[in-house]
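A short write-up of the structure that comes next.
The values are calculated or read from the model by the stated rules, or taken from the named source; none is laboratory data. Just so it is clear, the model here is predicted, and its values are computed rather than measured. Using ideal geometry, Cβ is built from the backbone for each residue, glycine included, and neighbour counts are taken over all protein chains shown. Keep in mind that these areas ignore ligands, DNA and RNA; they rest on the heavy atoms of the full protein, side chains included. Shrake-Rupley method; radii C 1.70, N 1.55, O 1.52, S 1.80 Å.
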Amino acid sequence: MINGTIMNYYLHCKRQCWLFYNKVNLEDNSEDVHIGRILHELKNDGKQSEIAIDNIKMDKITSDYVIEIKKSDADMAAAITQLEYYLYVLKKKGIERKGKLQIIEKNVAEHKINVIEYSLSVEQKLERLIHEIEDFLEREMPPKAVLKKNCKRCAYYEYCFI
Ligand code: SF4
């Protein structure tokens with residue numbers, strides 16, 4: 001089943017998406033993943049505030065927004081689509097919200113905030129994407145590794161290139 005992480009990875013790197021979906025799970029070795037977890041702990045003050053509905057896990061939900069917090073703006077298109085997907089899943093349940101994407105970068109005092117409006121065109125885009133990803137995940141092998149700018153920060157870097 002597709003979830004927000006799979007959607008994000010599909011847009012960021014199809015190989016990463018396939019490896020993650022097929023449980024080639026090296027995430028724990030990544031320093032970035034550790035930083036992400038620490039960030040999560042800090043912002044929650046040690047309390048669990050993640051909200052899970054079906055296959056999605058949202059950082060926060062208020063009466064107006066679903067709020068997603070990222071530690072970098074390295075792939076905004078993927079992060080925005082992941083958040084749109086959360087809005088899509090909620091809308092299917094009759095819950096209508098806008099999205100708020102907050103970027104909390106190390107050593108940067110001012111947080112960047114993107115507000116995302118849900119619309120019919122977003123919904124249509126997501127439905128096309130969901131079908132595309134479902135087809136893609138049926139492949140028996142992942143796509144070949146192609147070195148990109150952010151590969152060194154990826155949990156699968158050693159698996160792909162060393
Ligand atoms: S290291 Fe690069 S090619 Fe390999 S899964 Fe990660 S992002 Fe994709």
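Yes/no per residue for (1) in contact with a Phe, Trp or Tyr (Cβ under 9 Å, 6 or more places away or on another chain); (2) aliphatic (A, V, I, L, M); (3) within 16 Å of the ligand (Cβ to nearest atom); (4) closer than 28 Å to Arg15 by Cα:
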residue: Asp54; (1), (2), (3), (4): no, no, no, yes
residue: Asp75; (1), (2), (3), (4): no, no, yes, yes
residue: Lys112; (1), (2), (3), (4): no, no, no, no
residue: Glu117; (1), (2), (3), (4): no, no, no, no
residue: Gln124; (1), (2), (3), (4): no, no, no, yes
residue: Ile133; (1), (2), (3), (4): yes, yes, yes, yes
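One residue alone among Lys152, Lys148 is open to solvent by 20 Å² or more (accessible area, probe 1.4 Å), within 15 Å of the ligand (Cβ to nearest atom) and in a helix (DSSP H, G or I), and that residue is Lys152.
Only residues in the stretch 125-152 that are among the small types (Gly, Ala, Ser) count as the first member; pair them with residues that are part of a helix (DSSP H, G or I), Cβ under 6 angstrom, at least 6 apart or cross-chain, and list the lot. Qualifying pairs under 6 Å: Ala145/Arg15; Ala145/Cys160.
Of the residues in the stretch 112-122, how many are touching an Asp or Glu at 6+ places or on another chain (Cβ under 8 Å) and closer than 14 Å to Ile67 by Cβ? Steps first, answer last, please.
Residues of the stretch 112-122 that are touching an Asp or Glu at 6+ places or on another chain (Cβ under 8 Å), as a first pass: 112, 116, 118, 122.
Restricting the remaining residues to those that are closer than 14 Å to Ile67 by Cβ gives 112, 116.
Within the stretch 112-122, residues that are touching an Asp or Glu at 6+ places or on another chain (Cβ under 8 Å) and closer than 14 Å to Ile67 by Cβ number 2.
In the set (1) away from the ligand (no atom under 16 Å from the Cβ); (2) part of a helix (DSSP H, G or I); (3) not hydrophobic (A, V, I, L, M, F, W, C), the condition left unmet by Glu96 is number (2).
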